[in-house]
Amino acid sequence: MKIVFPILTTPIMLSEEYVSTIVFENQNALFQFVTELHQQINKQDGNIIFSEKEERVDISKKVELISHFVPFDCNKKSLITKLQQRLKDASNESLYVETNELLSSVQKYLYKLTDLFNISILVDDIDAGILIKAVNVHFSSEYDTLSEALYDYCVNVINLEGNKLFVFLNLRCLISDEEFALFAKTLIDHKVSTLFLENTDRKTMDVERKTIIDNDLCVI
């Protein structure tokens, strides 16, 4: 995959074989880039172009911007909705017999429960999706490090929404160089496409390809 935007004289190549970093020493340029990226993710016009095999990539479907890290929420609403739908589909396919047995048991339990009060009721057929929502299925948020939470989040997104490019904004001000190096290697080993946007140049890792845009908008 490659990325093109007006400041660049040549495209930036992105790959699953390494992590890519763009350092914006010019704060206004970083603000403009992130603003346009956010707009395009939300299906608005912009000048940033991602392409793969000479075909333009739909940024709204294939790119995710991650900028809020404290606290980091693994349970994005749209992702939870997709998780619940995936579980519902599986309950009606892979676990069809077990699902029917469970729902029948729930109905019988409700009838027994109302018998305690001598109340006559009717219980409609129970849908597996309603049951899944009722128990509040969600992703674990207990992690030792921020990078572990971010990696699991990326994997969950890929499993439920398909492959994406994950763009991290100023992550390295929150994690050490050692943690970043381990995080980057884990992403590469599992072929997770990433782009790191930073406003400060930090130590370059062996697995990292870096582009610097200085205060005069010169590309280094």
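Within region 72-86, is even one residue modelled with pLDDT of 90 or more and touching a strand residue (DSSP E or B) at 6+ places or on another chain (Cβ under 9 Å)? Scanning region 72-86, I find at least one residue that is modelled with pLDDT of 90 or more and touching a strand residue (DSSP E or B) at 6+ places or on another chain (Cβ under 9 Å), so the answer is yes.
The lone criterion from (1) part of a helix (DSSP H, G or I); (2) without any contact (Cβ under 8 Å) to a residue 60 or more places away in the chain left unmet by Lys82 is number (2).
Taking region 20-29 as the range and being among the polar types (S, T, N, Q), closer than 15 Å to Ile220 by Cα and open to solvent by 10 Å² or more (accessible area, probe 1.4 Å) as the test, only Asn26 passes. For Ser94, are the conditions met, namely being open to solvent by 40 Å² or more (accessible area, probe 1.4 Å) and not in a helix (DSSP H, G or I)? Spelling it out, Ser94 is indeed open to solvent by 40 Å² or more (accessible area, probe 1.4 Å) and not in a helix (DSSP H, G or I).
Only a single item in (1) in contact with a Leu (Cβ under 8 Å, 6 or more places away or on another chain); (2) within 30 Å of Thr200 (Cβ to Cβ) is not met by Asp152, and it is number (1).
One line per residue, one yes/no per condition, for (1) within 16 Å of the chain's Cα centre (by Cα); (2) modelled with pLDDT under 95; (3) not charged (D, E, K, R):
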{"residue": "Ile130", "(1), (2), (3)": "no, yes, yes"}
{"residue": "Lys133", "(1), (2), (3)": "no, yes, no"}
{"residue": "Asn136", "(1), (2), (3)": "no, yes, yes"}
{"residue": "Phe139", "(1), (2), (3)": "yes, yes, yes"}
{"residue": "Leu169", "(1), (2), (3)": "yes, no, yes"}
{"residue": "Arg172", "(1), (2), (3)": "no, no, no"}
{"residue": "Ser176", "(1), (2), (3)": "no, no, yes"}
{"residue": "Ala181", "(1), (2), (3)": "no, no, yes"}
{"residue": "Leu187", "(1), (2), (3)": "yes, no, yes"}
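Got at least one residue in region 161-168 being more than 30 Å from His38 (Cβ to Cβ) and in contact with a Phe, Trp or Tyr (Cβ under 9 Å, 6 or more places away or on another chain)? The answer is no, given that none of the residues of region 161-168 is more than 30 Å from His38 (Cβ to Cβ) and in contact with a Phe, Trp or Tyr (Cβ under 9 Å, 6 or more places away or on another chain).
If a residue has to be of a type in the set (Phe, Trp, Tyr), touching a helix residue (DSSP H, G or I) at 6+ places or on another chain (Cβ under 6 Å) and closer than 22 Å to Lys62 by Cβ to count, how many in region 161-195 make the cut? Before you say what the answer is, go through the steps one by one.
Going through region 161-195, the residues of a type in the set (Phe, Trp, Tyr) turn out to be 166, 168, 180, 183.
From what's left, touching a helix residue (DSSP H, G or I) at 6+ places or on another chain (Cβ under 6 Å): 166, 180, 183.
Imposing the further condition that a residue be closer than 22 Å to Lys62 by Cβ reduces the set to 166, 183.
So the answer is 2.
Quick check: is even one residue across region 187-195 touching a residue at least 40 places away in the same chain (Cβ under 8 Å), closer than 23 Å to Ala29 by Cβ and not small (Gly, Ala, Ser)? Yes, there is a match, as at least one residue in region 187-195 is touching a residue at least 40 places away in the same chain (Cβ under 8 Å), closer than 23 Å to Ala29 by Cβ and not small (Gly, Ala, Ser). Looking only at residues of region 30-63 that are touching a helix residue (DSSP H, G or I) at 6+ places or on another chain (Cβ under 9 Å), loosely packed, with under 12 Cβ neighbours inside 10 Å and not charged (D, E, K, R), we find that the one that is farthest from Val167 (Cα to Cα) is Gln44. Hey, does region 40-47 have a residue that's on the phi < 0 side of the Ramachandran plot and of a type in the set (Lys, Arg)? Scanning region 40-47 turns up no residue that is on the phi < 0 side of the Ramachandran plot and of a type in the set (Lys, Arg).
Scanning region 203-220 for residues that are without any contact (Cβ under 8 Å) to a residue 40 or more places away in the chain and of a type in the set (D, E, K, R) turns up Lys203, Asp206.
How many residues does region 64-79 contain that are open to solvent by 100 Å² or more (accessible area, probe 1.4 Å) and assigned to a helix (DSSP H, G or I)?
Going through region 64-79 one residue at a time, the tally reaches 1.
The values are calculated or read from the model by the stated rules, or taken from the named source; none is laboratory data. Since we're looking at a predicted model, the values are computed, not measured. In this analysis, Cβ positions are derived from the backbone assuming ideal geometry, glycine residues included, and neighbour counts consider all displayed protein chains. These accessible areas exclude ligands, DNA and RNA; they are computed on the full protein's heavy atoms, side chains included. Shrake-Rupley method; radii C 1.70, N 1.55, O 1.52, S 1.80 Å.
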